[in-house]
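Enquirer: For reference, the structure I am asking about is given below.
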2 protein chains.
Amino acid sequence: MDKRSHMIAGATRAFEAQGFRGIGVDAVLAPSGASTRTLYKHFGSRDGLVLAVLEQRHQDFMARLNDEGADPVGKLFDALEQWLAEHGARGCMLLRARSEYAGANEAIVTLVRRQKEEFEHEIGQRVAAALGHPDPALARQVWLLFEGATAAASVSDLSIISAARQAAKVLVEAARTRTP
Amino acid sequence: MDKRSHMIAGATRAFEAQGFRGIGVDAVLAPSGASTRTLYKHFGSRDGLVLAVLEQRHQDFMARLNDEGADPVGKLFDALEQWLAEHGARGCMLLRARSEYAGANEAIVTLVRRQKEEFEHEIGQRVAAALGHPDPALARQVWLLFEGATAAASVSDLSIISAARQAAKVLVEAARTRTP
DNA sequence: TGCCATGTAAAACGATCACTTTACATTCGC
DNA sequence: GCGAATGTAAAGTGATCGTTTTACATGGCA
């Protein structure tokens, strides 16, 4: 892995544990052992590194969702459960960045909005696969459960993910019987 | 209103717009016009003010939920919709504080966890009222929808709250037919 | 009247911030 | 073997951070 990727991975860990604004560049670079000079060569600024971290984080998570098969909606929550078990449950890093940089860095706010639209679209495809036809309203509801589970897990325990998966199942089943 | 309440109200607005860590004490005190000396007389430290803001915010929101009546679960989302229309949708301030101060101020993390437990308990009472008997699993699911709606509204529009209310209705109805 | 509580204004504290610069080591294609 | 690229180490930039301090104004209560 090249230096740039190392820096992104290390910075991701630092931001995840301590937030984005409440940490200095030295602490951000410590996990990767990079110097501040290398930071500004590669990313131009601290905020440039933040943007790179968010891009990578979104790609990494979306890549986890790739295994299609039976119960595509339920697999969403399987992936979330595994992800949170690995990374720890501290709330969605993208939304955390959005709220910390609101009013300070519009590029970050815009990026996160676009990423969430992309994610909601992915859920829409899975809902359509489960139902046999698209159902944007149901997709939104499943998305709500997903974001709720991610947020709630930071103040609860991981069993909350199963509650979300079960709720999604009930909603999908209700939609199926409504339009059979 | 006394000075202390003014400072809390002003600081709440500042934190809401710009986050907790990415803002200096001068900007926090600007809305109330208080001096830094008064800040440290009343709250001891910047973090002390943050704690007071979070306590007040939780009490204010819980007070909004007090009107009981028909459809106690649906009224949760009515209150949320009204709240977000007034305050703007930037994610739950309590969870935002939790994630920004994780690893830096344990008192804040502990406070938010307790507040969320209290809120989940309130939902449990409403679910019991709607169903005629307690259903902790359903209460958890409604809570998920609530937190999901709060989070999602920051990157979507307020119509997402209606989607959450509708999903909660479906879940309650499913629970009702399951155990009639 | 006199006094204490409560407030603002403003300067100063050392620490830390994001960022730049200088100096030097290493690797690699040519 | 040599120059260019890429890296670390470390000092220094001015700005801003949270906090303390000094000085002074105001008000209600004894």
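Throughout, read-outs are computed from the coordinates displayed, never taken from laboratory work. What you see is a predicted model; the values in this text were computed from it and never measured. Don't worry about glycine lacking a Cβ; one is built from the backbone with ideal geometry, like all the others, and counts go over all protein chains shown.
Enquirer: Which of B:THR177, A:THR38, B:THR36 has the fewest other C-beta atoms within 10 Å, and how do the rest follow up to the most?
Expert: Working: B:THR177 7, A:THR38 16, B:THR36 12.
Neighbour counts put them in this order, fewest first: B:THR177, B:THR36, A:THR38.
Enquirer: Can you work out the Karplus-derived ³J(HN,Hα) for every residue in the range A:73-84? Use 6.51 cos²θ - 1.76 cosθ + 1.60 with θ = phi - 60°, whole Hz, and x for glycine or proline.
Expert: 3J(HN,Hα) across the range A:73-84, in whole Hz: 6, x, 5, 4, 7, 4, 5, 5, 4, 5, 4, 5.
Enquirer: A further question on this structure: Shape of the range B:60-126 from its Cα gyration tensor (a ≥ b ≥ c, root eigenvalues): rounded if a/c is under 1.5, otherwise prolate when a/b > b/c, or oblate? All intermediate terms of the calculation are to be shown ahead of the outcome.
Expert: On the way: a/c = 3.30, a/b = 1.68, b/c = 1.96.
In terms of gyration-tensor shape, oblate.
Enquirer: If I build a Gaussian network model for chain B, linking alpha-carbon pairs within less than 10 angstrom, which residue out of B:ARG165, B:ARG46, B:ARG37 has the largest mean-square fluctuation?
Expert: Comparing B:ARG165, B:ARG46, B:ARG37 in the GNM, the peak value goes to B:ARG37.
Enquirer: With equal scatterers on the alpha carbons only and no solvent term, can you work out the Debye log10 of I(q)/I(0) for the range A:119-180 at 0.14, 0.21 1/Å?
Expert: Here log10 of I(q) over I(0) equals -0.39, -0.78.
Enquirer: Which of A:PHE146, A:PHE119, B:PHE61 has the fewest other C-beta atoms within 10 Å, and how do the rest follow up to the most? Before the final figure, lay out the partial values.
Expert: Numbers: A:PHE146 27, A:PHE119 21, B:PHE61 18.
Fewest-to-most ranking of A:PHE146, A:PHE119, B:PHE61: B:PHE61, A:PHE119, A:PHE146.
Enquirer: Right, something else. Magnitude of the Cβ-charge dipole of the range B:10-136, K/R +1 and D/E -1, about the Cα centre, nearest 20 debye? The partial results should precede the final answer.
Expert: Values: 15 positive and 18 negative charges, 134 e Å.
The dipole magnitude comes to about 640 debye.
Enquirer: How large is the charge dipole for the range A:1-56, taken about the Cα centre, if only the Cβ atoms of Lys, Arg (+1) and Asp, Glu (-1) carry charge, to the nearest 20 debye?
Expert: It comes to approximately 160 debye.
Enquirer: Next up: At q = 0.09, 0.15, 0.18, 0.22 Å⁻¹, what is the base-10 log of I(q)/I(0) for the range A:65-180 according to the Debye formula with one equal point scatterer per Cα and no solvent? Please give it to two decimals.
Expert: -0.26, -0.69, -0.94, -1.24
Enquirer: Still on this structure: From largest to smallest, what semi-axes in whole angstrom does the range A:1-79 give when each is the square root of 5 times an eigenvalue of its alpha carbon gyration tensor? Mind dumping the intermediate values first?
Expert: Values: eigenvalues 180, 33, 19 Å².
Each semi-axis is the square root of five times an eigenvalue, giving 30, 13, 10 Å.
Enquirer: Now a separate question. For B:ALA9, which inter-copy label distances result when the label point lies 7 Å beyond Cα on the Cα-to-Cβ vector, reported in nm to one decimal and in ascending order?
Expert: Nearest to farthest, the other copies are at 5.2 nm.
Enquirer: Sticking with this one: Could you work out how far apart the two model spin labels at A:HIS121 and B:ARG4 are, taking each label as a point 7 Å from the Cα in the direction of the beta carbon, and quote it in nm?
Expert: Modelled inter-label distance: 5.2 nm.
Enquirer: Which of the three applies to the protein assembly as shown, rounded, prolate or oblate, going by the alpha-carbon gyration tensor with a ≥ b ≥ c and a/c under 1.5 meaning rounded? Mind showing how you got there, number by number?
Expert: Values: a/c = 2.17, a/b = 1.19, b/c = 1.82.
In terms of gyration-tensor shape, oblate.
Enquirer: Still on this structure: Taking the label point 7 Å from Cα in the Cβ direction, how far apart in nm is B:ARG176 from each other copy of itself, listed shortest first?
Expert: 2.3
Enquirer: Which peptide among A:132-144, A:101-113 comes first, and what is the full order, when sorted by highest mean count of other Cβ atoms within 10 Å? Intermediate values should be presented prior to the final figure.
Expert: Values: A:132-144: 20.3, A:101-113: 17.4.
Highest-to-lowest ranking by the protection proxy: A:132-144, A:101-113.
Enquirer: Report, to the nearest 10°, how far helix A:136-152 tilts away from the longest principal axis of the Cα atoms in chain A, using its own Cα long axis and a range of 0 to 90°.
Expert: 50
Enquirer: Between chains A and B there is a rotation axis; tell me the chain A residue with the nearest beta carbon and how many whole Å away it sits.
Expert: For chain A, the closest residue to the axis carrying it onto B is A:GLY148, 1.
Enquirer: Quick one: putting +1 on the C-beta of Lys and Arg, -1 on the C-beta of Asp and Glu, what dipole do you get for the range A:65-180 around its Cα centre, in Debye to the nearest 20? Write down the numbers at each step before the final one.
Expert: On the way: 13 positive and 16 negative charges, 63 e Å.
Using Cβ point charges on Lys, Arg, Asp and Glu, the range A:65-180 gives about 300 debye.
Enquirer: Same structure, new question: Can you pick out the pairs among B:LYS41/B:LYS116; B:LYS75/B:LYS169; B:LYS3/B:LYS41; A:LYS75/B:LYS116; A:LYS116/B:LYS169; A:LYS75/A:LYS169 whose Cα atoms lie more than 21 Å from each other?
Expert: Working: B:LYS41/B:LYS116 30 Å; B:LYS75/B:LYS169 11 Å; B:LYS3/B:LYS41 11 Å; A:LYS75/B:LYS116 27 Å; A:LYS116/B:LYS169 25 Å; A:LYS75/A:LYS169 11 Å.
Beyond 21 Å between Cα atoms: B:LYS41/B:LYS116; A:LYS75/B:LYS116; A:LYS116/B:LYS169.
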